[in-house]
Amino acid sequence: MSDWILYDVEDGVCTITINRPEKKNAMGFAMLGDFIATFDRAGKDDDVRVVVLKGTDGAFCAGTDLSDLSTIPGEERGLRGSAEEKGKWWPIIACPKPVIGVIDGPAVGMGAEFASQCDIRMASTRARFAWNFAHRGLVPDTGAGSWLLPRLIGTSQAFWLLYSGEFISAREAHELKFVSGVFEPEELDDRANDITEAILQGSPFSHQRIKSLVYEGLGADVGEHMVNHTQAMAECFKSNDHKEGVASFLERRAPDFTGT
């Protein structure tokens, strides 16, 4: 991994930091490859139970580095992967661990797309969001803006943001239910720690299946969803985490989950 994408694991929490402050963490081609590979690494790391995604120096991600993008003419530029390679388009959703986006500063273009892919989003008062792809003659980069965003905030509100490319404040994003909470910058990390600690009390075996059921359910009918649900429930019944969850309750102690 390069110095652009930092990876740190401590006590079950993996912190992935976008680290290009001189460009407000804008993504270049090589940097994006590192970002995708880092989320794949977190998903496979047995020491990771929760992932926190953040940026450096009061910025989340200012989008694609257009100076990098302009080095390859559009008619010659390839896509980063096929439609079936979801991990290349939706690396955050493809990661089977819970992911918390801690957004302090601008999340623009690809940055807004990555924020959309996080399971939980928390913002500082200086966070701003914009899906400004129409200003560049593009559609939302990862496909999250056109598929996931309408499901998060509603079709009309999503069209407003996608058509206009306007910036919205953290407070406006909270009113739209896009972010779960807005905090002063100096409080943001502590509040994120509170959520990660709460998540760490749960079963990794359950978390993985809950994440899969929620995202797959957004595009499934009830019948298909219930097939997936009953399969997940049967797997849970047979899991060590379920046995430990019941035993710890009956024995009045904290559970020691193993994710198996």
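Miscellaneous remarks
- Selection over segment 215-228 of residues that are free of Cβ contacts under 8 Å to residues at least 60 places away in the same chain and in a helix (DSSP H, G or I) gives a count of 9.
- Scanning segment 244-260 for residues that are part of a helix (DSSP H, G or I) and closer than 19 Å to I199 by Cα yields E244, G245, V246, S248, F249.
- In segment 19-38, the residues that are surrounded by fewer than 21 Cβ atoms within 10 Å (Cβ to Cβ) and touching an Asp or Glu at 6+ places or on another chain (Cβ under 7 Å): N19, P21, K23, G28, F29
- Just one of the listed residues (G55, G43) is closer than 17 Å to P96 by Cβ and surrounded by 15 or more Cβ atoms within 10 Å (Cβ to Cβ), and it is G43.
- So D241, is it assigned by TED's automatic domain parsing to the domain that holds V51 and assigned to a helix (DSSP H, G or I): no
- Inspection of segment 150-168 finds no residue satisfying the criterion of being within 30 Å of R253 (Cβ to Cβ), without any contact (Cβ under 8 Å) to a residue 60 or more places away in the chain and in the same structural domain as V52 (by TED's automatic domain parsing).
- Residues in segment 214-238 that are among the aliphatic types (A, V, I, L, M) and more than 21 Å from K97 (Cα to Cα): A220, V222, M226, V227.
- Test: residue in segment 17-39 that is β-branched (V, I, T), in a helix (DSSP H, G or I) and touching a residue at least 12 places away in the same chain (Cβ under 8 Å): yes
- Taking segment 33-52 as the range and being over 22 Å from M110 (Cα atoms) and either of a type in the set (A, V, I, L, M) or at pLDDT below 95 (or both) as the test, the residues that pass are V48, V50.
- A count restricted to segment 170-217 and to residues that are in contact with a Pro (Cβ under 9 Å, 6 or more places away or on another chain) and surrounded by fewer than 14 Cβ atoms within 10 Å (Cβ to Cβ) stands at 1.
- Odd one out for L162, checked against (1) buried (at least 17 other Cβ atoms within 10 Å of the Cβ); (2) at pLDDT below 95; (3) among the hydrophobic types (A, V, I, L, M, F, W, C): (2)
The values are calculated or read from the model by the stated rules, or taken from the named source; none is laboratory data. Fair warning: this is a prediction, and the values are worked out from it, not measured in the lab. Here the Cβ is made from the backbone with ideal geometry for all residues, glycine too, and neighbour counts use every protein chain on show.
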